[in-house]
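Just below is one structure, and these are the notes that go with it.
The values are calculated or read from the model by the stated rules, or taken from the named source; none is laboratory data. Note that the structure is predicted; figures quoted are calculated from it, not measured. We place every Cβ from the backbone using ideal geometry, glycine too, and count neighbours over all the protein chains shown. To get the accessible areas, we keep the full protein, side chains included, count just its heavy atoms, and leave off ligands, DNA and RNA. Shrake-Rupley method; radii C 1.70, N 1.55, O 1.52, S 1.80 Å.
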Amino acid sequence: MSLNSPILSRRSAEIAARFGESAAFYEAHAGLQAAVADRLARLLPDFDTPTVLELGCGTGLLSRHLVRRYPQGRFVLTDVAPAMIAECRRNLAQIGTPRISYEVMDAGEAGGHAELDLIVSSMTLHWLPDPAASLERLRRLLAPEGVLLYATLGPASFAEWRAVLVAESLPSGIADIPALPGVVEDEHVTPDNDSLSFLRRMKAVGGLTPREGYAPLTPGALRRAIRATDLRFGGRVTWHIVYGRLYAPEASASSPSIMPA
């Protein structure tokens with residue numbers, strides 16, 4: 001197992017630290033992420049002995065689907081947080097698949113591999129500074145018949161919370177989420193009954209790393225935003241999840257365009 005730590009940007013280091021702090025109890029609060037991994041797994045292509053790269057493996061929610069779907073495959077499972085990789089390795093140990101290597105890797109700087117049959121990423125791309133550019137670069141790591149699958153936050157995520165912050169003249173730490181190529185499915189889910197539960201979920205799974213330069217809300221401003229969200233939207237905050245499929249550049253040139261669902 002290769003766990004040499006790469007040189008990380010300040011933001012990537014912050015994200016790694018947040019997720020590392022939540023690694024031990026992440027799955028207790030990651031029901032939404034598990035459901036997304038389950039849905040993404042339904043899009044996995046038919047391969048016999050693929051070489052697979054997973055970006056942002058976390059504790060292995062999608063990894064477990066991968067090793068069961070491809071028992072003869074070879075896997076490189078990566079995450080920016082070493083503590084997450086340790087949890088993933090522990091969770092996969094009981095499955096007993098020997099062809100797994102682990103690497104600490106910043107998904108935004110992924111490299112060192114080529115001719116991959118499958119690249120997958122679940123709920124990671126929205127953390128990257130330029131997800132669309134990262135997807136284009138990742139496509140070039142695919143073998144000619146390779147496939148890239150992803151699930152990530154879509155542009156309509158957290159619309160209620162964003163609207164309240166604007167209405168209350170409060171700054172938002174949530175980065176803008178761009179539209180991405182290759183979207184084949186999407187869904188809108190509201191897993192929490194009130195806005196405080198939404199914020200607690202985000203914190204529990206390491207998801208409160210704000211955009212660079214953001215000054216956190218004061219306790220009073222945060223309470224005001226929570227009250228306003230509960231009043232205007234019944235406390236419900238929507239997650240927009242998009243699921244995408246891309247191919248190697250050579251294959252894409254001869255394939256029909258994939259339009260968003």
(message) Return the residues of region 137-177 that are over 28 Å from LEU53 (Cα atoms) and of a type in the set (Lys, Arg); say none if nothing qualifies.
(response) ARG162
(request) Sort out which residues of region 229-245 are in contact (Cβ under 8 Å) with a residue 60 or more places away in the chain and of a type in the set (D, E, K, R), and write them in order of number. (result) ARG232, ARG236, ARG245
(request) Identify the residue in region 27-73 that is hydroxyl-bearing (Ser, Thr, Tyr) and out of contact with any Leu (no Cβ under 9 Å at 6 or more places or on another chain) and, among all such residues, is nearest to ILE15 (Cα to Cα). (result) THR59
(request) Among residues belonging to region 106-127 that are open to solvent by 20 Å² or more (accessible area, probe 1.4 Å) and among the aliphatic types (A, V, I, L, M), point out the one that is modelled with the lowest pLDDT. (result) ALA114
(request) May I ask you to list pairs of residues, at least six apart or on different chains, whose Cβ atoms are under 7 Å apart, with the first in region 101-113 being closer than 16 Å to LEU141 by Cα and among the aliphatic types (A, V, I, L, M) and the second being at pLDDT below 85 and open to solvent by 30 Å² or more (accessible area, probe 1.4 Å)? (result) MET105/PRO6
(request) Quickly run through region 60-84 and pick out the residues that are of a type in the set (Val, Ile, Thr) and modelled with pLDDT under 95. (result) VAL80
(request) Collect the residues in region 150-192 that are surrounded by 14 or more Cβ atoms within 10 Å (Cβ to Cβ), under 20 Å from GLY234 (Cβ atoms) and of a type in the set (Gly, Ala, Ser), keeping them in residue-number order. (result) ALA156, SER157, ALA159, ALA163
(request) Please go through region 75-100 and pick out each residue that is over 25 Å from ARG42 (Cβ atoms) and free of Cβ contacts under 8 Å to residues at least 12 places away in the same chain. (result) ARG90, ALA93, PRO98
(message) For the list (1) within 21 Å of LEU44 (Cα to Cα); (2) modelled with pLDDT of 95 or more, I need the number of the one condition that GLU160 fails.
(response) (1)
(request) Determine whether ALA86 is among the small types (Gly, Ala, Ser) and open to solvent by less than 10 Å² (accessible area, probe 1.4 Å). (result) no
(message) Any residue that is part of a loop (DSSP other than H, G, I, E, B) and more than 14 Å from the chain's Cα centre (by Cα) - is there at least one of those in region 21-43?
(response) yes
(message) Condition first: open to solvent by less than 20 Å² (accessible area, probe 1.4 Å) and in a strand (DSSP E or B). Now tell me which residues in region 128-149 satisfy that.
(response) LEU142, ALA143, GLY146, VAL147, LEU148, LEU149
(request) Identify the single condition in (1) crowded, with 23+ Cβ neighbours inside 10 Å; (2) assigned to a helix (DSSP H, G or I) that GLU54 does not satisfy, given that it satisfies every other one. (result) (2)
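Pull up region 76-114, narrow it to residues that are in a loop (DSSP other than H, G, I, E, B) and charged (D, E, K, R), then point me to the one that is farthest from PRO131 (Cα to Cα).
Step by step, filter region 76-114, then rank; the result is ARG99.
Let's see how each residue does on (1) acidic (Asp, Glu); (2) farther than 23 Å from MET84 by Cα; (3) assigned to a loop (DSSP other than H, G, I, E, B):
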position	(1), (2), (3)
THR152	no, no, no
GLY173	no, yes, yes
ALA179	no, yes, yes
ASP186	yes, yes, no
ARG211	no, no, yes
(request) Report yes if some residue within region 59-74 is assigned to a strand (DSSP E or B), touching a residue at least 12 places away in the same chain (Cβ under 8 Å) and of a type in the set (Phe, Trp, Tyr); otherwise report no. (result) no
